[in-house]
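Working notes for the structure below.
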Amino acid sequence: MTNEEDFADVTRLQIVTELGRYEHWADCWEFSLQDDGRTLKVWGRGEGDKPRAERNKKVLEDIEASQADQRARMLASQQKRAES
């Protein structure tokens, strides 16, 4: 079983069904389990602009790092072929 502390850092909520995936951002989320555990109510607090921007920055950094790695491997391969 999880507790509230497990969700303290959550800023993005994804709901996935056979109809698609829905993403919602907030600065923080509050959860309430109701109806003898059959209903989960979720409240988003804040717009989630800062966490979304931080995630986007990290994704961009990861993409740039991956592209730099690819370029380095390609240059190394070309250099190796030129030396042969």
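Rounded to the nearest 20, the size of the Cβ-charge dipole of segment 4-83 about its Cα centre is 640 debye, with Lys and Arg at +1 and Asp and Glu at -1.
A dipole drawn for segment 38-84 from +1 and -1 charges on Cβ atoms has a positive end, and of 56, 68, 44 the residue lying farthest that way is 44. Just need the relative contact order of the chain here, percent rounded to a whole number, with Cα pairs under 8 Å and 6+ apart. After rounding, I find 19 percent.
For the chain, the convex hull drawn through the C-alpha positions has a volume of 170 cubic angstrom per residue. Listed by chain and number, the aspartates and glutamates whose C-alpha is less than 18 Å from the C-alpha of residue 41, apart from same-chain residues fewer than 8 away, are 4, 5, 6, 9, 23, 27, 30.
We did not get these values from a lab; they are worked out from the coordinates using the rules stated. The structure displayed is predicted, hence computed values, not measured ones. Counting neighbours? That spans all protein chains shown, and the Cβs are built from the backbone with ideal geometry, glycine included.
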